[in-house]
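Just so it is clear, none of the values below were taken in a lab; they were calculated from the coordinates. Note that the structure is a prediction, hence the values are computed from the model and not measured. Here Cβ is always computed from backbone atoms with ideal geometry, including for glycine, and neighbour counts include all displayed protein chains.
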Amino acid sequence: MVKLPDGTPLELPDGATGADAAAAIGPGLAKAALAIRVDGELRDLTAPLPDGAEIAILTDRDPEALELIRHDAAHVMAEAVQELYPGTKVTIGPAIENGFYYDFDFPEDVKVTDADLEKIEMAMRTHIDADEPFERRDVPVAEAIEIFEGQGEDYKVELIRDLVSGEGVETVSLYRNGPFEDLCRGPHGPSTGRIKAIKLSSLAGAYWRGDEKRQMLTRIYGTAFFSKKDLAAHLELIEQAKGRDHRRLGPQLGIFMLREESPGMPFWLPNGTTLLRLIEDQVQAQLRKRGYREIATPQVLDEELWHRSGHWDNYRDDMYFMQSDEKRLALRPMNCPGACLVFDSERHSYRELPLRLAEFGRVSRNEREGVLHGLLRVRAFTQDDAHVYCTEEQIADEVADICEAIDELYARFGFEDVRVELSTRPEKSMGSEEQWAKAEAALTEALDRQGREYELNPGDGAFYGPKIDFHVTDALGRSWQCGTCQLDFQMPERFELSYVGADDATHRPVMIHRALLGSMERFAGILIEHYAGRFPVWLAPVQAIVLPVSDRHNEYAERVVGELREAGVRVEVDTRSESVGKKIRDAELGRYPYMLVVGDREQEAGAVAVRSHEEGELGAMPAAEFTTRIRAESAPS
């Protein structure tokens with residue numbers, strides 16, 4: 001007997017499988033079933049069911065179903081690639097967000113390019129149409145090594161040996177579809193025919209196991225869906241995303257540039273610097289409103305400090321180091337140790353708590369070049385960081401205040417759909433079970449007291465404490481993790497921080513790490529893509545551009561620009577000897593909210609002819625009236 005999700009018992013014979021359970025419930029479910037969840041663990045439909053287990057049948061209506069068939073599709077792609085390019089070695093092929101990939105080691109005489117993706121797709125469709133079953137077998141480690149050594153699949157052999165040394169496994173599972181058999185934990189769907197629509201998208205280089213000293217492999221990306229309609233909608237979304245790509249729009253709009261001379265470290269151009277300042281202004285308003293005190297700490301600190309803080313054991317692979325005389329120094333990857341030194345620089349009373357220290361801190365992280373991605377993944381960036389030192393009794397109120405600040409900021413920037421996650425202790429961490437339990441309970445209580453909905457994200461906390469992460473949804477429905485609030489009992493201990501309580505005894509403060517937006521660079525990249533470079537008036541680096549009809553109107557145009565700048569409008573002028581039509585087309589590409597055309601009539605009337613991107617032609621008006629309009633649009637709603 002097994003139990004259904006609603007607690008209803010289901011009688012099955014001994015040795016019954018997930019497929020048997022689906023058939024017992026009904027023929028429709030038997031046909032739709034893809035896999036089965038047994039006591040919370042997803043398994044193949046062919047897996048025997050233990051007596052008394054709680055089960056749930058997975059169909060294409062379940063969120064996990066896409067991940068399942070994308071994993072299936074990865075195996076089909078590997079099958080097709082080995083069929084088309086004999087001698088190719090396969091490595092790993094997981095499902096990922098929005099698709100899947102597989103890394104291949106092609107023979108030296110084989111050069112696969114984007115032009116070959118269609119051919120691989122066609123071979124995949126042949127195997128999908130054949131409706132080949134996915135068949136699992138569990139074999140002893142020695143036998144599996146012998147199988148893959150015989151096939152020359154040395155990457156698989158390495159993976160198996162690592163499983164033996166790391167997890168002590170005695171058997172491994174292999175999955176076969178058609179002639180292709182792969183090392184895989186599973187689960188898989190019943191057969192390849194459940195994959196209804198596929199598309200291979202791109203090629204990339206990838207080092208084996210992410211190690212730059214190992215073999216360079218070819219990674220092929222793709223996606224799969226249950227219908228051609230869903231695939232078409234996804235491909236349309238990708239095309240929209242290309243049009244919004246900040247890596248293209250950033251240089252085009254004079255916001256930032258990337259150079260080979262400094263990979264992963266953006267150069268901010270004038271418009272981008274203005275954009276950063278406008279973003280920072282909104283954060284500064286929250287700091288003033290909530291009683292934060294701003295500090296600035298060094299970017300280079302003694303290596304010993306990072307041993308003390310715990311970063312050495314948990315973060316050193318991502319750090320940059322340098323030597324100065326007898327000292328080894330490190331570029332800071334985080335701002336928290338510097339804030340601890342500031343707190344420890346003077347004696348504190350309980351009356352001063354909570355003490356909120358904010359810093360727009362520049363940090364550097366040694367990211368692998370292969371993972372760098374425009375502004376979204378960089379090596380040098382600025383965090384809108386703060387560290388709050390408080391008592392345990394003050395945690396809930398401080399967390400609520402931080403959450404409120406994040407809510408207000410995201411609304412200001414136009415993000416209405418915000419998702420919250422509570423992340424618990426990761427495998428690599430420091431501190432006792434008791435401390436972590438206390439910290440996790442405190443954040444849970446803080447969220448519950450706010451009545452805030454959140455999801456649990458087990459094992460994804462910071463190495464020093466649990467955290468609350470905020471995810472915004474952009475105009476294309478993509479989710480981005482930005483703000484964070486992290487509770488830390490560890491660092492105050494390591495830095496021996498203290499305050500004098502009402503009882504005149506010394507006590508250890510609690511430390512809350514918080515960033516409202518996260519990386520300023522990353523947030524700017526998200527904003528560029530969210531707005532497709534057409535920022536709202538208050539956020540636009542240049543709010544209007546003045547377009548003189550001909551050279552004889554340049555002097556008047558410059559006078560208008562001066563008046564607008566004096567009134568606080570961010571404005572530019574195009575005095576090139578081009579036609580006004582050409583200037584208007586170029587201004588459209590520049591994505592300015594407003595164009596102000598000035599010719600004979602405007603010059604005589606002391607006015608500007610206003611063209612709004614949102615509303616079209618607005619007619620002529622005095623510059624002062626236009627300024628009033630800009631101010632009204634820039635005011636918080």
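Against the chain, whose longest principal axis is taken from its Cα atoms, helix 64-84 shows a tilt of about 70°. Straight-distance candidates among the lysines for linking to LYS119, with alpha-carbon spacing under 25 Å and chain neighbours fewer than 8 residues away dropped: LYS89, LYS111, LYS196, LYS199, LYS228, LYS229, LYS242.
Stretched out straight at 0.36 nm per residue, the stretch from GLU416 to GLU346 would grow longer than its current Cα-Cα span by 21.0 nm. Partner lysines whose Cα lies under 21 Å from the Cα of LYS3, excluding those fewer than 8 positions away in the same chain, are identified as LYS31.
First measure r as the distance between the Cβ atoms of ARG161 and ASN98, then evaluate 1/(1 + (r/R0)^6) with R0 = 35 Å and state the FRET efficiency to the nearest 0.05. Mind showing how you got there, number by number?
Working: r = 32 Å, r/R0 = 0.92.
Plugging the Cβ-Cβ distance into 1/(1 + (r/R0)^6) gives 0.60.
For the range 505-637, what does the alpha-carbon gyration tensor say about shape, rounded, prolate or oblate, given a ≥ b ≥ c as the root eigenvalues, a/c under 1.5 as rounded, and a/b over b/c as prolate? Prolate, since a/c reaches 1.5 and a/b exceeds b/c. Between ARG247 and LYS428, the simple label model (points 7 Å from Cα in the Cβ direction) yields a spacing of 2.6 nm. Using the Karplus relation 6.51 cos²θ - 1.76 cosθ + 1.60 with θ = phi - 60°, the per-residue 3J(HN,Hα) values for the range 21-35 come to 5, 5, 5, 5, 6, x, x, x, 5, 4, 6, 8, 4, 10, 7 Hz, with x marking Gly and Pro. To the nearest ten degrees, helix 154-167 and the longest principal axis of the Cα atoms of the chain are 90 degrees apart. In plain terms, the residue of ILE96, ILE195 with the fewest other Cβ atoms within 10 Å comes first and the most crowded comes last, giving ILE96, ILE195.
Peptides 383-393, 455-465, 493-503, ordered by how many other C-beta atoms sit within 10 Å of their residues on average, highest first, read 383-393, 455-465, 493-503. Look at the dipole of the chain built from charges on Cβ: of SER577, GLY525, GLN284, the Cα furthest out on the positive end belongs to SER577. Pull out a ≥ b ≥ c, the square roots of the eigenvalues of the alpha-carbon gyration tensor of the range 417-522, then state rounded if a/c is under 1.5, prolate if not and a/b is larger than b/c, and oblate in the remaining case. Verdict is prolate for the range 417-522. Listed by Cβ neighbour count within 10 Å, with the fewest neighbours leading, HIS307, HIS507 appear as HIS307, HIS507. Compared with the direct C-alpha span, the chain from MET1 to GLU367 gains 126.6 nm at full extension, assuming 0.36 nm per residue.
Under a 5 Å amide H cut-off, with hydrogens placed 1.01 Å from N, VAL112 pairs with nothing among residues at least 5 apart or on other chains.
Rounded to the nearest 20 debye, what is the charge dipole size of the chain about its Cα centre when +1 sits on each Lys and Arg Cβ and -1 on each Asp and Glu Cβ? Walk me through the numbers before you get to the answer.
Working: 75 positive and 115 negative charges, 401 e Å.
Roughly 1920 debye for the chain.
Centre-to-centre, using Cα atoms only, the range 252-268 and the range 145-191 are separated by 43 Å.
With a cut-off of 15 Å between beta carbons, the residues surrounding GLU167 carry a summed charge of -3, where Lys and Arg count +1 and Asp and Glu -1.
Each residue of the range 573-586 was assigned a 3J(HN,Hα) from its phi angle through the Karplus curve 6.51 cos²θ - 1.76 cosθ + 1.60 (θ = phi - 60°); the sequence is 9, 10, 9, 5, 7, 10, 5, 5, x, 5, 5, 5, 4, 5 Hz, with glycine and proline shown as x. Computed from the Cβ-Cβ distance with R0 of 30 Å, the FRET efficiency linking ARG185 to LYS213 stands at 0.65. Reducing the range 356-382 and the range 302-318 to their Cα centroids gives an inter-centroid distance of 17 Å. With each pseudo-label sitting 7 Å past Cα toward Cβ, what's the LYS31-SER324 distance in nm, one decimal? Placing both labels 7 Å beyond Cα along the Cβ direction yields 7.3 nm.
What do you get for the angle between helix 228-244 and the principal long axis of the chain? Use alpha-carbon atoms, 0 to 90 degrees, nearest ten. For helix 228-244, the angle is close to 30 degrees.
Here's how it looks for ARG43: its modeled amide H is under 5 Å from those of ILE36, ARG37, VAL38, which are all 5 or more places away or on a different chain. Which shape class applies to the range 156-267: rounded if a/c is under 1.5, otherwise prolate when a/b exceeds b/c and oblate if not, where a ≥ b ≥ c are the square roots of the Cα gyration tensor eigenvalues? Note, shape of the range 156-267 comes out oblate. Between LEU456 and GLU615, the contour length at 0.36 nm per residue exceeds the alpha carbon distance by 52.9 nm. For the range 489-564 and the range 1-63, what is the separation of their C-alpha centers, rounded to whole Å? Between the Cα centres of the range 489-564 and the range 1-63 lies a distance of 52 Å.
For LEU217, the residues whose modelled amide H falls within less than 5 Å of its own, excluding neighbours fewer than 5 places apart on the same chain, are ALA206, TYR207, TRP208.
Rounded to whole numbers, the Karplus 3J(HN,Hα) couplings from phi for the range 359-376 are 8, 7, x, 7, 10, 10, 9, 7, 6, 5, 4, x, 9, 5, 8, x, 8, 7 Hz, using 6.51 cos²θ - 1.76 cosθ + 1.60 with θ = phi - 60°, and x at Gly and Pro.
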